[in-house]
Amino acid sequence: MGLTEIRNRIEKACREAGRNPQDVHLIAVSKVQPLERVEAVLDQGHRLFGENRVQEAAGKWPAFMERYDSVSVHLIGPLQTNKARQAMELFDAIHSVDRPKLASTIARLAQEMGQCPDLFIQVNTGEEDQKAGVMPAEADAFVAECRALDLPVRGLMCIPPVEETPSLHFALLAKIAERNGLAGLSMGMSSDFEQAIALGATHVRVGSAIFGERTTH
Ligand SMILES: *Cc1c(COP(=O)(O)O)cnc(C)c1O
């Protein structure tokens, strides 16, 4: 596989869903990939990337940003409040806002810094104990709480349980987004991004299908 094939598959999925490919952003998930692979994708002109750890991203992306224009990196993994400032300096979007304490920390820092990345609220659609995200039943209240803090909430994000049909989770996320008037839907990974597009994804997060298998996380 690789970038070109994934782009083609996204276009095809958009055609089949009657959607405009411009409305689906491909986040190339570069976590733990060798730098040469990331560089190859940058050289192909791709500019939107995803990382799941602040520390790892901070060690990798500033140097690439010096060399390549208009690079945008989104945080797609959990965020600790003590790394929120660093995350807000580095990332253009944070897809993992999932609790009141993090929301209020981001709001305070946004005031102080005079800027805030785009935010997505992570919903634990599978209600899994080990997974981050607000429970579906608490999502509306948490969206309202974030809005009351003046946070730029753009949409919702989910990671479906591995052993379940992802479409059910994508449909649930889309429903929660719609009733809250949120346009953004961060859903779909290497194995299921076409289904996510069919159900309205605006941001698909594709790692291994672009870069190759990862050795860890
Ligand atoms: C790693 C990761 C991805 C990409 O996974 P692939 O299966 O390699 O496409 C997407 N979203 C999140 C939150 C991830 O951590």
| Are any of the residues in the range 202-212 of a type in the set (A, V, I, L, M, F, W, C), more than 12 Å from the ligand (Cβ to nearest atom) and under 18 Å from the mean Cα position of the chain (by Cα)? | no
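Yes/no matrix, rows are residues, columns are (1) under 16 Å from the mean Cα position of the chain (by Cα); (2) closer than 17 Å to Gln33 by Cβ; (3) in a loop (DSSP other than H, G, I, E, B); (4) small (Gly, Ala, Ser):
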site	(1), (2), (3), (4)
Lys60	no, yes, no, no
Glu66	no, no, no, no
Val73	yes, yes, no, no
Gln86	no, no, no, no
Ser96	yes, no, no, yes
Lys101	no, no, no, no
Ser104	no, no, no, yes
Glu112	no, no, no, no
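So for the range 157-177 (the condition being within 11 Å of the ligand (Cβ to nearest atom), touching a helix residue (DSSP H, G or I) at 6+ places or on another chain (Cβ under 9 Å) and β-branched (Val, Ile, Thr)), does at least one residue qualify?
Filtering the range 157-177 down to residues within 11 Å of the ligand (Cβ to nearest atom) leaves 157-160, 162.
Pick out the ones that are also touching a helix residue (DSSP H, G or I) at 6+ places or on another chain (Cβ under 9 Å) and you get 157-160.
Checking which are β-branched (Val, Ile, Thr) leaves us with 159.
Yes - at least one qualifying residue is present in the range 157-177.
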| task | Please work out which one of (1) more than 14 Å from the ligand (Cβ to nearest atom); (2) in contact (Cβ under 8 Å) with a residue 12 or more places away in the chain; (3) more than 30 Å from Thr81 (Cα to Cα); (4) touching a helix residue (DSSP H, G or I) at 6+ places or on another chain (Cβ under 8 Å) is the condition Arg7 fails and give its number. | result | (4)
| Failed condition for Met1, given (1) at pLDDT 95 or above; (2) outside any helix (DSSP H, G or I) | (1)
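Yes/no per residue for (1) buried (at least 21 other Cβ atoms within 10 Å of the Cβ); (2) under 15 Å from Ile210 (Cβ atoms):
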residue	(1), (2)
Ala40	no, yes
Asp43	no, yes
Gly50	yes, yes
Ala63	no, no
Thr81	no, no
Arg85	no, no
| request: Considering only residues that are open to solvent by less than 50 Å² (accessible area, probe 1.4 Å) and out of contact with any Gly (no Cβ under 7 Å at 6 or more places or on another chain), look in the range 116-130 and name the one that is farthest from Glu164 (Cα to Cα). | output: Cys116
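The values are calculated or read from the model by the stated rules, or taken from the named source; none is laboratory data. On a predicted model such as this, the values are computed, not experimentally measured, just so you know. Because the Cβ atoms are built from the backbone with ideal geometry, glycine has one as well, and the counts that use them run over all protein chains shown. Note: areas computed on protein heavy atoms with side chains; ligands, DNA, RNA excluded. Shrake-Rupley method; radii C 1.70, N 1.55, O 1.52, S 1.80 Å.
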